[in-house]
Structures are given as structure tokens and as C-alpha cells.
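To start, the structure itself, in C-alpha cells.
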Amino acid sequence: MCFMLKKYLYVFFIAMVPLIELRGAIPYAYYIKAGNAEFDLLLAYIVIALGNMFPVPFIYFFARKVLEWGKDKPVIGKFFTFCLEKGEKGGKKLTEKAGRGTFVALLLFVGIPLPGTGAWTGTLAASILDMDFKKTVLAVIGGIALAGIIIGVLSTLGLTAYIGMSV
């Protein structure tokens with residue numbers, strides 16, 4: 001039992017890592033399943049989704065504040081200013097193109113599992129855009145579900161190893 005709990009904790013923490021998120025956690029869960037018949041993939045998906053969602057409130061409420069705080073600092077200031085300007089510029093462009101469809105745009109942004117997209121980046125963008133917290137959370141949950149389905153299908157087919165998504 002303790003051994004199995006450890007495996008679920010692995011996928012939970014992998015799903016929390018920025019850039020890797022569920023794109024790395026789901027293929028790893030399939031890898032675990034291949035070596036252990038008792039490992040439940042459905043439970044792993046739930047654990048992975050929770051792990052991927054765990055940082056969302058922290059990112060939404062604090063990331064922009066940290067960037068604002070750090071934009072005047074000597075070493076990190078230029079990078080933080082760049083992040084803020086890029087986020088605001090991208091956010092304005094997204095709002096202009098998507099209009100009232102910002103919710104769907106965010107859901108698809110998080111849901112299409114490409115490098116640089118995902119819950120972390122999507123939530124930061126929503127924070128910079130001043131999107132409503134509840135709408136942000138719902139869009140990110142929907143995006144995580146979509147990305148989970150896509151990566152799950154690719155993992156089932158064994159394709160994630162060929163496109164650089166496996167751990």
C-alpha cells in the first residue's frame with residue numbers, strides 16, 4: 001500500500017512542475033502501469049488533474065504581484081518587466097481577437113498540450129488580463145481535461161515517446 005501511494009505522489013508532484021505538468025505526468029503514469037498491474041490509471045488521472053490544478057490559485061493571486069514587485073529590482077527587474085509587458089501585450093491582443101470568447105480561448109490555450117501552454121502559463125495570462133477568478137479556474141479545469149484526454153490517447157497509442165513527451 002505504501003509503495004503504491006508513493007507512485008501516486010510521484011505523478012501528483014510531476015503534474016505540479018511548470019512546463020512538464022500533465023504532459024509529463026500522464027506518460028509517466030502509463031510507464032508505472034506497464035510495470036504494475038495494480039496501478040489504477042483512472043485514479044492517476046484524478047491525482048494528476050489535482051496536482052496540475054493545485055498551483056492555480058497561487059499563480060492567479062500572487063504571480064502578477066511578484067512580477068510587479070520585482071520589476072524595479074536590479075538583477076531580476078528587466079526579466080520581470082519583460083514578462084509583464086509581454087503578458088499585457090499578449091492579453092490585449094487575445095482580448096481583441098477573442099472578444100467575449102476569452103474563456104474559450106483560455107480553455108483551448110491550456111488544453112492544447114504544446115510547450116509553453118498549460119495551467120501555469122494560462123493562469124498567469126488570465127491574471128494579467130484581470131479575468132474573473134471563477135472563470136479562470138473553470139477554463140483551466142476544462143483545459144486540463146482536454147489536455148489529459150489528448151495526452152492519454154497519445155500515451156495509449158505509444159506516441160508520446162516519439163514526440164518528446166515522455167519522462
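The values are calculated or read from the model by the stated rules, or taken from the named source; none is laboratory data. Values in this document were obtained by computation on a predicted structure and should not be read as measured data. Here Cβ is always computed from backbone atoms with ideal geometry, including for glycine, and neighbour counts include all displayed protein chains. Surface areas here come from the heavy atoms of the whole protein model, side chains and all, with no ligands, DNA or RNA. Shrake-Rupley method; radii C 1.70, N 1.55, O 1.52, S 1.80 Å.
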Against the definition (open to solvent by 40 Å² or more (accessible area, probe 1.4 Å) and hydroxyl-bearing (Ser, Thr, Tyr)), how does TYR45 come out, yes or no? yes
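Each row is one residue, and each column tells you yes or no for (1) closer than 22 Å to GLY116 by Cβ; (2) open to solvent by 70 Å² or more (accessible area, probe 1.4 Å); (3) at pLDDT 95 or above.
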site: PRO27; (1), (2), (3): yes, no, no
site: GLU38; (1), (2), (3): no, yes, no
site: LEU41; (1), (2), (3): no, no, no
site: MET53; (1), (2), (3): yes, no, yes
site: PRO57; (1), (2), (3): yes, no, yes
site: PHE62; (1), (2), (3): yes, yes, no
site: LYS65; (1), (2), (3): no, yes, no
site: GLY70; (1), (2), (3): yes, no, no
site: GLY77; (1), (2), (3): no, no, no
Within region 134-144, is even one residue of a type outside the set (Gly, Ala, Ser), at pLDDT below 90, surrounded by fewer than 16 Cβ atoms within 10 Å (Cβ to Cβ) and part of a helix (DSSP H, G or I)? no
For PRO113, only one of the following conditions fails: (1) open to solvent by 50 Å² or more (accessible area, probe 1.4 Å); (2) touching a residue at least 24 places away in the same chain (Cβ under 8 Å). What is its number? (1)
Checking ILE48 against (1) under 17 Å from the mean Cα position of the chain (by Cα); (2) free of Cβ contacts under 8 Å to residues at least 12 places away in the same chain, which single condition isn't satisfied? (2)
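Would you kindly identify the helices (runs of 4 or more DSSP H) lying entirely within region 1-102 that contain at least 3 residues that are closer than 24 Å to LEU157 by Cα and not acidic (Asp, Glu)? Break it down into steps so the answer makes sense when it comes.
Details: elements: 2-16, 21-35, 41-53, 64-70, 77-98.
Where helices (runs of 4 or more DSSP H) fall fully within region 1-102 and carry at least 3 residues being closer than 24 Å to LEU157 by Cα and not acidic (Asp, Glu), they are 2-16, 21-35, 41-53.
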Of residues in region 83-104 being open to solvent by less than 80 Å² (accessible area, probe 1.4 Å) and not hydrophobic (A, V, I, L, M, F, W, C), the one modelled with the highest pLDDT: THR102
How about region 43-80: which of its residues are farther than 22 Å from MET131 by Cβ and in contact with a Lys or Arg (Cβ under 6 Å, 6 or more places away or on another chain)? GLY77
